[in-house]
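Chemist: Please see the structure below; I have some questions.
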Amino acid sequence: MERLSVDVAIIGGGIVGCAAALALRKAGLTVALLEKGLCGAQASGINAGGVRQQGRHVTELPMTRRAAKLWPRLHETLGEDVEFRQVGHLRLARSEQDVQMLEDYAVTAREHGLYLQLNSGTVTREMFPWVSGKIAGSSLAVEDGHANPRLVTPAYSRAARSHGVHVLEFTPVEHAQWTGSNFEIQAPRLVVKSRHLVNAAGAWAGKFLSFFGESAPLTLRTPNLFVTEPVSYFMTKSIAVCGGAVYFRQVERGNVVLGGGPGWGDLKSERSRNRADTTLGQFARAIELVPELSGLHIIRSWSGLEGDLPDKLPIIGASRTTPNLVHAFGLCGHGFQLGPAIGEILCELIRDGRSQTPIDAFCISRFDAVAHQKMAGAG
Amino acid sequence: MLAKIVIVGAGPAGIRAAEVLAGAGLQPVVLDEARQPGGQIYRQPPPGAERDAFTLYGSEAGKARNIHAAFGRLGKSVDYRPDTLVWNCSSNALNILHKGRQGIVPYDRLLIATGAFDRVIPFPGWTLPGVFTLGGAQIALKAQGVSIGKRVALIGAGPLLPLVASQYLEAGADVAAVLDVTPFGAKIRALRGMLAVPEYARRGLSLLLKLKKFGVPTAYDVRAIEVTGNWHVDGLKWRDGAGRWHRIACDAVAASFGLKPEMQLADLAGCATYFDEATRQWLPSLQAGGRSSVPDVYLAGDCAAIGGADVAELTGKRAAYSVLRDLGIGFAADELKGIETTLARHTRLRKALDAAYPFPTHLIDAMSDSLTLCRCEGVTVGELRASYVKTSAPDVNRLKAFTRVGMGRCQGRVCGAMAAEILAGQSGASLPDVGRLRGQHPIKPIPMVV
Ligand SMILES: Cc1cc2nc3c(=O)[nH]c(=O)nc-3n(C[C@H](O)[C@H](O)[C@H](O)COP(=O)(O)OP(=O)(O)OC[C@H]3O[C@@H](n4cnc5c(N)ncnc54)[C@H](O)[C@@H]3O)c2cc1C
């Protein structure tokens, strides 16, 4: 039995766990990162690669702004290119109502320093002739873009390791407990002792709530993705649409990655798969927005396992039952862009006891109220 | 209600399976991507390009005629749907594409008879226009009635090599050389085992005699190959067992190194697989009677285990009988007994053939860093090796994530196994540990149309 003693143990080597590990280590703490498989092989490694602020819930805006400032220099932080391209994110409106929605959102966003460029339908087509003539208007976020998810989190884990983090892959955490003065975390043939513990176990995080007598209405979310053959680069912006039914982007190599709607997945067997019915249903939605997509061939499809919460916001913050335990999970299908910021936020929570970025909206206790209300309603 | 049985593949295995099931009154659905029945081996030329069976199939003309006739006789007792691509399987239903239209075919029992595909090993020049697989060269001859070039060199590591060579010779093509990358001695040693099916041994011998009669330069134990040319093949260099280089002029090359089962559909259906050390590749795990590891799914023909056309007919029937048995439908057991006995002999033959044509690992060892391994994504051998050095990727799916190998149009059908070889060679891990690329639909590209 191997024993390891560190300041902070982190469960989960996704973007959240890896970014936290690097930030904590840079802050001078000793860190062990425990990952049951390979770092960045789950949600963080297979997501759509969208690095997007536009469209996020108002409570997420401070955090997404913080992340947006980190992405352009991430290659410096990590010491390698992760194919982050600040191509801009274009949100399309199909009706006057949707245009109004974009305008209202732009006002809120501006209050947080996110400046969105609103365009009429005519201006949208003038600037982006490949967009359908039926579009009523659009909102462009110039700082947004995309990155290669297959590269980002493994690069984080390598950077963490080279800074001295104990990155322990193929190390599934089987049990964790608070002894009164520290945590004892058990994996096969290994016990880690730590002063702090971070639960960044993604879709599997629920297991670590139960060890500490906590609960949250965490469910499984399996976004559906597919990709076309490479064609000449024409779609210079990442695309989304009001109502959110479909989103897509073209990479420099020429492939168009499309997503939206549910795939299939199973937490126990760790398997996930694209759903053909969802995929076929997306064809019309995507072609309606960008007619040139018609006729492109789909060559591959996939899905992934992600934690979901009823209000589509994550849980980030201190445990309510256990000292020195911090949760960061349930990113509801949009945590890739946030990852670098969450890493820093977790570091601040552990080092300073509080974060510079407001995260109260993400506290785990918000669901207690729901449970209480429900119980009251039932009584 | 009758159980709905779907057969995918109308080659010798699928056709014989359909015959048995139709005979029991079950009206199976038969789906096939091709326009006409016959599969790869008994592929029929398109209307307007008909030629007589002997020109097309040579010594196998009788069998081809029988298969086509057998399927023709089934008439309305099968629901045959040609020109239908099956691109996904999930929850007891298949997604199909027919003339640009999407459809769904549900099933109670699925019999997969999707055949095999050439095993490709990259060598310098393999992506030049004018380089084909042996299977591709054969299809050109059968379907279009054309040779792949004026002067053709054939390279291989399996019984398909002398077969294609003889078919090209019969068709009047100029065959520049027949190069076998496996040693002649291996064939001599395997001769006894091949006699398990005397007819096969005889046929093999007559092919070799034919090559001799035509005076085609033939070599064994070829150690290295290199296709030359700037925009198109203009020649071939090869090194013999004694280390001497030879050079021949040719304008087309067909090369492949044995066959691999087309198991994407079985994979999507959830069928378990294992790594077969003898042939150095992943195969579906087979249970008695051609059953897969999934209760409703049966496998027959080359997609279950490489065995050739005669075996495919037998395993097709056998899998169909298993379907009947599992449905509780009675049948006369005599034929099945006979099939099992014949198949046992063929298993011995197959072992001998595998030994006669051992996997040419020397071609893998010889791969230089500059060689393109994944042509869809333009990934070189050197990039794969360097990625391992940087990332320690333990398995081929991880390597794919970092390098894009196998991410293109063919989805790793061509290069997946080779990427695993390179990774295993670089990391020292075993091939079973390095694994294989996970299957994902669509099995072949499907158009985004409304
Ligand atoms: C298909 C898909 C598309 C998406 N598209 C986008 C997008 O375009 N833009 C965007 O911003 N976000 C997107 N997301 C969301 C984003 O990928 C996630 O929010 C983010 O990656 C979550 O990071 P994580 O670290 O919490 O989770 P994960 O990456 O899942 O990491 C959790 C890790 O914990 C490990 N773990 C679990 N249990 C244990 C245990 N017992 N012991 C040790 N380790 C354990 C797991 O193996 C896993 O590696 C998408 C998600 C999916 C699934």
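The values are calculated or read from the model by the stated rules, or taken from the named source; none is laboratory data. Note that the structure is predicted; figures quoted are calculated from it, not measured. Note that we place each Cβ from the backbone using ideal geometry, even for glycine, and neighbour counts take in every protein chain shown. We work out accessible area using only protein heavy atoms, side chains counted, and drop any ligands, DNA or RNA first. Shrake-Rupley method; radii C 1.70, N 1.55, O 1.52, S 1.80 Å.
Chemist: Ignoring ligands, DNA and RNA, what percent of the 1.4 Å accessible area of chain B is carbon and sulfur?
Modeler: 55
Chemist: Please give the per residue volume of the convex hull enclosing the alpha carbon atoms of the stretch A:95-179, rounded to a whole number of Å³.
Modeler: Cα convex hull per residue, to the nearest whole number: 248 Å³.
Chemist: GNM on chain A, C-alpha springs below 10 Å: top fluctuator among A:Tyr156, A:Tyr233, A:Tyr115?
Modeler: Looking only at A:Tyr156, A:Tyr233, A:Tyr115, the biggest GNM fluctuation is shown by A:Tyr233.
Chemist: Near B:Gly289, within a Cβ-to-Cβ distance under 13 Å, what is the net charge of the other residues, with Lys and Arg +1 and Asp and Glu -1?
Modeler: So the environment of B:Gly289 carries a net charge of +4.
Chemist: Over the stretch B:120-257, with the other protein chains present, what is the accessible area per residue in square angstrom, probe 1.4 angstrom?
Modeler: Per residue, the stretch B:120-257 has an accessible area of 44 Å².
Chemist: Here's a follow-up. Between the stretch A:29-85 and the stretch B:133-187, what is the separation of their alpha carbon centroids in Å?
Modeler: Centre-to-centre (Cα) distance: 53 Å.
Chemist: Given C-alpha coordinates of the stretch A:29-175, what is the ratio Rg to Rh with the Kirkwood estimate of Rh?
Modeler: Using only Cα positions, Rg/Rh for the stretch A:29-175 is 1.09.
Chemist: What is the distance in Å between the Cα centres of the stretch A:125-195 and the stretch B:54-100?
Modeler: Value for the Cα centre distance between the two parts: 48 Å.
Chemist: Additional query: Name the long-range amide H neighbours of B:Val175: under 5 Å, sequence gap of 5 or more, or other chain; modelled H, no Pro or chain starts.
Modeler: Excluding prolines and chain starts, which carry no amide H, the hits are B:Val152.
Chemist: Spit out the partnerless Cys residues in chain B, using Cβ distances under 4.7 Å as the pairing rule.
Modeler: Flagged as lacking a Cys partner: B:Cys89, B:Cys250, B:Cys271, B:Cys303, B:Cys376, B:Cys410.
Chemist: Within chain B, what is the longest stretch that has no GluC sites (Glu not before Pro) placed in a DSSP loop and near at most 15 other beta-carbon atoms within 10 Å?
Modeler: B:51-276
Chemist: Excluding ligands, DNA and RNA, what is the solvent-accessible area per residue of the stretch B:374-450 at a probe of 1.4 Å, expressed in Å²?
Modeler: 36
Chemist: Quick one: putting +1 on the C-beta of Lys and Arg, -1 on the C-beta of Asp and Glu, what dipole do you get for chain B around its Cα centre, in Debye to the nearest 20?
Modeler: 340
Chemist: Would you mind telling me the share, in percent, of accessible area of chain A contributed by carbon and sulfur at probe 1.4 angstrom?
Modeler: 52
Chemist: Let me ask something else. Within 10 Å of each candidate Cβ there may be at most 14 other Cβ atoms; applying that plus a DSSP loop requirement, which GluC sites (Glu not before Pro) in the stretch A:106-196 survive? Write out the running numbers ahead of the final one.
Modeler: On the way: sites: A:Glu111, A:Glu126, A:Glu143, A:Glu169, A:Glu174, A:Glu184; in loops: A:Glu143, A:Glu169, A:Glu174.
Answer in residue order: A:Glu174.
Chemist: Suppose we take every Cα in chain B and form the convex hull; what volume per residue is that in Å³? Before the final figure, lay out each step's value.
Modeler: Working: hull volume 67.7 nm³, N = 450.
Convex hull of Cα atoms, per residue: 150 Å³.
Chemist: How big is the charge dipole of the protein assembly as shown about its Cα centre, in debye rounded to the nearest 20, if each Lys and Arg gets +1 on its Cβ and each Asp and Glu gets -1 on its Cβ?
Modeler: Values: 91 positive and 74 negative charges, 271 e Å.
In total the dipole reaches around 1300 debye.
Chemist: Measure nothing but the geometry: give the 0 to 90° angle between the long axis through the Cα atoms of A:149-162 and the longest principal axis through the Cα atoms of chain A, rounded to 10°.
Modeler: Helix A:149-162 sits at roughly 30 degrees to that axis.
Chemist: So what J values fall out for the stretch B:381-388 if you push phi through Karplus, 6.51 cos²θ - 1.76 cosθ + 1.60 with θ = phi - 60°, rounded to Hz, Gly and Pro as x?
Modeler: So the J values, rounded to whole Hz, are 4, x, 5, 5, 4, 5, 4, 4.
Chemist: Using packing as a proxy for protection, rank A:39-48, B:40-49 so that the peptide with the highest average count of other Cβ atoms within 10 Å comes first.
Modeler: A:39-48, B:40-49
Chemist: Then there is this: If you place +1 on the Cβ of every Lys and Arg and -1 on the Cβ of every Asp and Glu, how big does the dipole about the Cα centre of the stretch B:367-434 come out, in debye to the nearest 20?
Modeler: It comes to approximately 240 debye.
Chemist: To continue, here is another question. Please average, across the residues of B:437-446, the number of beta carbons from any other chain that are within 10 Å of each residue's own beta carbon, and give a whole number.
Modeler: That works out to 5 on average.
Chemist: Could I ask something else about it? For the stretch B:120-257, just say rounded, prolate or oblate: build the C-alpha gyration tensor, square-root its eigenvalues into a ≥ b ≥ c, call rounded for a/c under 1.5, and beyond that prolate if a/b exceeds b/c, oblate if not.
Modeler: Oblate is the answer for the stretch B:120-257, as a/c is 1.5 or above yet b/c matches or exceeds a/b.
Chemist: Here's another thing I want to ask about it. Each residue of the stretch B:284-295 in order: what ³J(HN,Hα) in whole Hz does its phi give by Karplus 6.51 cos²θ - 1.76 cosθ + 1.60, θ = phi - 60°, with x for Gly and Pro?
Modeler: x, 6, 9, 10, 3, x, x, 7, 8, 6, 9, x
Chemist: What is the interface area between chains A and B, defined as buried accessible area summed over both chains with a 1.4 Å probe, reported in Å² to the nearest 100?
Modeler: Buried area (both sides, nearest 100 Å²): 2800 Å².
Chemist: Counting only other chains, and only Cβ atoms inside 10 Å, what mean value do you get across the residues of A:299-309?
Modeler: Partner-chain Cβ atoms within 10 Å, mean over residues of A:299-309: 3.
Chemist: So how tilted is helix B:334-356 from the main axis of chain B? Cα-based, degrees 0 to 90, rounded to 10.
Modeler: Approximately 10 degrees, to the nearest 10.
Chemist: Which distance in nm do the two modelled labels at B:Tyr274 and A:Tyr233 give, with both placed 7 Å along the Cα-to-Cβ direction?
Modeler: Taking the two extended label points, one gets 4.9 nm.
Chemist: May I have the pair-distance distribution P(r) for chain A, computed from all Cα-Cα distances with 10 Å bins from 0 and rounded to whole percent?
Modeler: 5, 24, 32, 24, 12, 3, 0
Chemist: Then there's this: How much accessible area does B:Trp282 have with a 1.4 Å probe, in Å² rounded to the nearest 10?
Modeler: 60
Chemist: Still on this structure: If you count the DSSP beta bridges with both ends in the protein assembly as shown, what percent of them are antiparallel, to the nearest 5?
Modeler: Bridges in the protein assembly as shown are about 60 percent antiparallel.
Chemist: Can you pull the accessible area of A:Arg161 for me, 1.4 Å probe, Å² to the nearest 10?
Modeler: Approximately 120 Å² for this residue.
Chemist: Keeping every protein chain present and rolling a 1.4 Å probe, give me the accessible area per residue for chain A in Å².
Modeler: Accessible surface, normalised per residue, equals 39 Å².
Chemist: Looking at B:Gly145, B:Ala176, B:Leu195, which one has the Cα that reaches farthest to the positive end of the dipole of the stretch B:120-257 (charges on Cβ: Lys, Arg +1; Asp, Glu -1)?
Modeler: B:Leu195
Chemist: Kirkwood Rh over Cα pairs of the protein assembly as shown into Stokes-Einstein at 20 °C, 1.002 mPa s: D in µm²/s?
Modeler: The diffusion coefficient I find is 73 µm²/s.
Chemist: So how tilted is helix A:276-289 from the main axis of chain A? Cα-based, degrees 0 to 90, rounded to 10.
Modeler: It is inclined by approximately 50 degrees.
Chemist: Next question, about the same structure. If I model a spin label as a point 7 Å beyond the Cα along the Cα-Cβ vector, how far apart are those points for B:Asp369 and B:Ile139 in nm?
Modeler: It works out to 3.6 nm between the two label points.
Chemist: For the stretch B:367-434, what Kirkwood radius comes out of the mean inverse Cα-Cα distance, in Å?
Modeler: 11.4
Chemist: Something else: Using protein chains only and a probe of 1.4 angstrom, how many square angstrom of A:Thr30 are accessible, to the nearest 10?
Modeler: Using a 1.4 Å probe on the heavy atoms, I get roughly 60 Å².
Chemist: Right, another one. Please report how far the C-alpha centroid of the stretch B:265-291 lies from that of the stretch B:6-24, rounded to the nearest whole angstrom.
Modeler: 20
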